[in-house]
Every structure is written in structure tokens, then in C-alpha cells.
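Written below as C-alpha cells is the structure these notes are about.
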């Protein structure tokens, strides 16, 4: 695949667009512009270095848009519920075996 050469102004505009949208991801901006995601990411990094600024902080967000902490808490609750249900299932299996063993017609 041939390397594409983008004008300097296009690169600057792409980085500015990314920075102007706080909720946007590099992937979404790159897809909108028809640019490879890694290409846009490298432009943003170069701009950060040029400005002497640390990279834009990323906040962990789930696919549904919830903060990662809420998702982890929900996962922990769901795991507890799964353990409870597995215990109940095992008790019912043991009871079924016990009663099946008693019935000898």
C-alpha cells in the first residue's frame, strides 16, 4: 500500500477537530475524515510534543457510555448472582438425585 501524503494544513485541521470534540475518539474522527487511525494518532502525538503538552487524558468508558467503575461494579454484582444461582442449581441436582434414588417402582 502506498503512503499517502497529506497537506500540513489538513493534518493541523484534523488534530484541531479531534481536540475540539471532548467526547470524540481518534477512531471516530479518523473514520469521518477517511484517514488511518494510527496516522491521526501520530499527528496528535506530534502536536502534543510540539506544544510540550501531555497527551489528552483518556477516561475509561464502556461501550454503553458508562464510566468503567460502574461497569466493574455491575460485573461484580453479576458474578455474585451467578455464584448464588450455581449453588441453587447444585442443590436442586442433588435433591433430584436423592429423590430419584428413592423411587423404585
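In table form, for the structure just shown:
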{"quantity": "Condition check for residue 16: within 30 Å of residue 5 (Cβ to Cβ), at pLDDT 90 or above and either in the same structural domain as residue 4 (by TED's automatic domain parsing) or in a loop (DSSP other than H, G, I, E, B) (or both)", "calculated": "yes"}
{"quantity": "Index of the failed condition, residue 35 passing every other in (1) modelled with pLDDT of 85 or more; (2) surrounded by 10 or more Cβ atoms within 10 Å (Cβ to Cβ); (3) out of contact with any helix residue (DSSP H, G or I) (no Cβ under 7 Å at 6 or more places or on another chain)", "calculated": "(3)"}
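The values are calculated or read from the model by the stated rules, or taken from the named source; none is laboratory data. Predicted model only: the values in this text are computed from it and were never measured. Cβ coordinates were reconstructed from backbone atoms using ideal geometry, including for glycine residues, and neighbour counts include every protein chain displayed.
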